[in-house]
């Protein structure tokens, strides 16, 4: 029997609604982006994002229903991101989801945003085997996750400060590039020369699976300052190239270490930074040497979208993990090894 999940994602600056069937089939995936609005500020302004979500949520929901050719009576559950993310943005989507679930008497599923990114890989890959390791890299999060089975696993390592995507945005802004920073750094880095600069990679020891990009960010900004203080032209492409290489090196090294510690057949790369071609290619080459398969979502499912929330929500529903109307939004990821908001007893 088909199960249709209506999913809502408003954790940052994308207002997204999707309808996913059986965790893999995308019946609708509508997104209202705010990139043009926030580009003026070089990053997301939370108050502006929240107001835009309020304006966008109903039209995006209606567009998603129309594209799916379904009626609300044909839905089986409402899934929504309730954290981590920007509180104002999250509350808009969560409040709307509660209203829909109540109005149509549907189960309400609160989905962890990081887990949703991971499940984007399942939208077009039904043969992913457990156990697996996932590297989730986005503007707000950098985590290595070990999954024994659906929704059962633990975090192996995470960033101690800036996320990789956040570092991309900040360095892009400092180099005078646009927002979001990831695509801009990737574009200009192609014009850079090899080995002109070498920036530090943190936590590059054999035992540590955590990340840090604050020191890298400071080193890059200090290098830019040196050129500015001498009234010299900043070599934007060369700096961008070395910065991108340093980020990729940190991500790949820790992922390979995780694979050696926890033998798996599959590694998932997910999140907005998963769209970076250097990261994909370098990680692919490194995992090939370990005879491990790399799986990543279509680029359109790397950045924030509701399809990934619906994919995860399907497995939440299968496990009977639903929420009541007291569920709240949270800005920071929950502590501990549990990967979902309601941990099932083992």
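Here, each number is a calculation from the coordinates, and none is a lab measurement. None of these values were measured; they are calculated from a predicted model. Note: ideal-geometry Cβ built from the backbone for every residue, glycine included; neighbour counts use all protein chains shown.
Using DSSP, restrict attention to beta bridges with both residues in the chain and report what percent are antiparallel, rounded to the nearest 5. So the antiparallel bridges in the chain amount to around 60 percent. Counted by neighbouring Cβ atoms within 10 Å, the residues 220, 292 run from fewest to most as 292, 220.
Dividing the helix sum by the residues of the chain, where each DSSP H run of 4 or more adds -39500 (n - 2.57), gives a mean residue ellipticity at 222 nm of -13000 deg cm²/dmol. For the chain, modelled as a GNM whose springs connect Cα atoms under 10 angstrom apart, the maximal fluctuation among 313, 272, 215 occurs at 215.
Given contacts defined as C-alpha pairs under 8 Å and at least six residues apart, what's the relative contact order of the chain, whole-number percent? The value is 25 percent. Using Cα atoms only, what is the angle between the long axis of helix 277-288 and the major principal axis of the chain, expressed in degrees (0 to 90) to the nearest 10? The angle comes out near 90 degrees. Taking the fewest neighbouring Cβ atoms within 10 Å as the starting point, the ordered list for 36, 161 is 36, 161. Reducing the stretch 87-118 and the stretch 144-164 to their Cα centroids gives an inter-centroid distance of 22 Å. Normalised by the number of residues in the stretch 127-296, the average gap of Cα pairs under 8 Å and 6 or more apart makes the relative contact order 28 percent.
If both residues of a DSSP beta bridge must be in the stretch 1-98, then about 75% of such bridges are antiparallel. Against the main long axis of the alpha-carbon atoms of the chain, helix 236-261 sits at an angle near 60°. One Cα centroid belongs to the stretch 193-269, the other to the stretch 295-325; the line between them spans 30 Å.
When Cα extents along the principal axes in Å is computed from the coordinates, the matching label among (i) 73, 52, 36; (ii) 60, 43, 36; (iii) 65, 45, 32 is (iii). Among 244, 66, 228, which one moves the most in a GNM of the chain with springs linking Cα atoms closer than 10 Å? With Cα springs under 10 Å in the chain, the top fluctuation among 244, 66, 228 is at 228. To the nearest ten degrees, helix 46-68 and the longest principal axis of the Cα atoms of the chain are 50 degrees apart. Take every DSSP beta bridge whose two residues both sit in the stretch 127-296; close to 55 percent of them are antiparallel. Cα gyration tensor of the stretch 1-153, axes a ≥ b ≥ c as square roots of the eigenvalues: rounded (a/c below 1.5), prolate (a/b > b/c) or oblate? Cα axes put the stretch 1-153 in the oblate bin.
As a rough footprinting exposure proxy, the listed residues 168, 96, 301, 102 were ranked by other beta carbons within 10 Å of their own, and the order from fewest upward is 102, 96, 301, 168.
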